[in-house]
Ligand SMILES: Nc1ncnc2c1ncn2[C@@H]1O[C@H](COP(=O)(O)OP(=O)(O)OP(=O)(O)O)[C@@H](O)[C@H]1O
């Protein structure tokens, strides 16, 4: 109430003041101010107020704008940094991706390199025992000769020139140190009588080239590389020394159950292993037959296709020799059915074929099972690098015997070559038959040639009879032609037909392919035809 009264009073005073005439001060003319009406003053105040408000609003707006801008800036800044971060992340991701890709490519490359290395290693790793290679075991000394064997004095004393002359005559190429003289007679090889009797029984009279040089070298305990063709008589080169090596061991101390083997032959195929086993069995039987003091040496054939149990059982009883194919041999060794701890004699027959057939790993595993040095014989028709490397690393000072040279195979064959035009061949054949006494074998390249030649000779049978009669005195010759490719397809029990035909036909002329003939006559160039 009092406040309202005072406000009222103040208002009245204002009004009175407003209505009062202005006091004039003559000294203050300079400070004179024109009268401003209330209305104007109000307007001025209003204007002032408005401008203040405007200024305030402006400031407020500016503040808001500023704040907004700041906020925006801030937002943009964040956005920018987010963008930057995301960009950065993207870049990093990109880099990561690139490096990941690079790493992946690198890993793949590494893996490929590893595989290549492994393949390369597989290709170049010598066929030697991994255990021995890892332990750095290298044998430098030659093995002692088998049972103290040495050649007869005349061979020991044979001058080098004479040895070389014999080798040259028989197309035997050799390489190595201290090569023994080639021996031309089995009787001079100091073999037990039983073996000589066995050879006689087989109709084997004199050694083939590989036997002449190979048997003495092997009996001297030397490591051997034999390069020889099929049918050259290799089996006896590695078979005889292995039998004698086992005999020597047996005489020293009788083989007990689970003991042995002393000798091992590895062959690439079951057939070859079986064939070798039969040869070994034959000669060990001969030894017992002719030497009552000798025990029967036990040989076990370990090949696929035969019962593992039977083979393991035979091995358990103690064994002198094993003839095996690499797969089954490895299997039995892995299963600890027998061991190579006592084995001192190893032969790898057709080593190149074993490598071709991919038996390297099995061979290496087998070599790992040996516990000491052994005499190693390696037979191969060819000498690929792998075999050469094996020879270099696993064989000690080996003797290389090569009888594979063209022309060295058949020393009794005189080869005459006639050059004839293709179209004149058949006619010329008749001329050749005129020069050649029967029996005659005509080899053709393929089956259809065999048919053509056969047919032609049948047409000319009268001429043929006349031609062949020039060589014999008989009045009524039976001239028979046979196309032998048919024989190649015959079963085994029919095959002797060829042998029978050969011997029973008075003047046989056979037309055949070489491969068929080889099979028909028993796959042997040594067989007498
Ligand atoms: N000195 C010899 N004289 C005559 N015949 C022999 C002689 N040596 C071996 N033979 C006979 O020759 C044939 C082939 O011999 P062997 O099996 O040893 O040859 P190979 O080189 O091992 O051939 P493959 O690789 O075909 O087995 C056999 O029938 C064997 O009895």
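Read-outs throughout are calculated quantities, based only on the coordinates presented, and are distinct from any laboratory measurement. Bear in mind the structure is a predicted one, so any value in this text is a computation, not a measurement. Quick reminder, even Gly has a Cβ in these numbers, built from the backbone with ideal geometry, and neighbours come from all protein chains shown.
Restricting attention to region 167-176, the residues being within 16 Å of the ligand (Cβ to nearest atom) and buried (at least 18 other Cβ atoms within 10 Å of the Cβ) number 2. Scan region 141-176 for residues that are part of a loop (DSSP other than H, G, I, E, B) and either over 26 Å from residue 247 (Cα atoms) or over 40 Å from the mean Cα position of the chain (by Cα) (or both) and the total you get is 8.
Rundown of residues vs (1) touching a strand residue (DSSP E or B) at 6+ places or on another chain (Cβ under 8 Å); (2) over 26 Å from residue 267 (Cα atoms); (3) surrounded by fewer than 18 Cβ atoms within 10 Å (Cβ to Cβ), yes/no style:
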position: 183; (1), (2), (3): no, yes, no
position: 206; (1), (2), (3): no, no, yes
position: 212; (1), (2), (3): no, no, no
position: 222; (1), (2), (3): yes, no, no
position: 236; (1), (2), (3): no, no, no
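Looking only at region 132-158, residues that are loosely packed, with under 13 Cβ neighbours inside 10 Å and more than 18 Å from residue 189 (Cα to Cα) come to 7 in all. Residues of region 177-230 that are more than 12 Å from the ligand (Cβ to nearest atom), outside any helix (DSSP H, G or I) and closer than 24 Å to residue 141 by Cα: 177, 178, 179, 180, 181, 182, 220, 221, 222, 223, 224, 225. Scanning region 284-307 for residues that are in contact (Cβ under 8 Å) with a residue 60 or more places away in the chain, within 23 Å of residue 257 (Cα to Cα) and either surrounded by fewer than 13 Cβ atoms within 10 Å (Cβ to Cβ) or touching a helix residue (DSSP H, G or I) at 6+ places or on another chain (Cβ under 7 Å) (or both) yields 287, 294.
In a residue-by-residue description of region 262-282, the property of being away from the ligand (no atom under 16 Å from the Cβ) and surrounded by fewer than 17 Cβ atoms within 10 Å (Cβ to Cβ) applies to no position.
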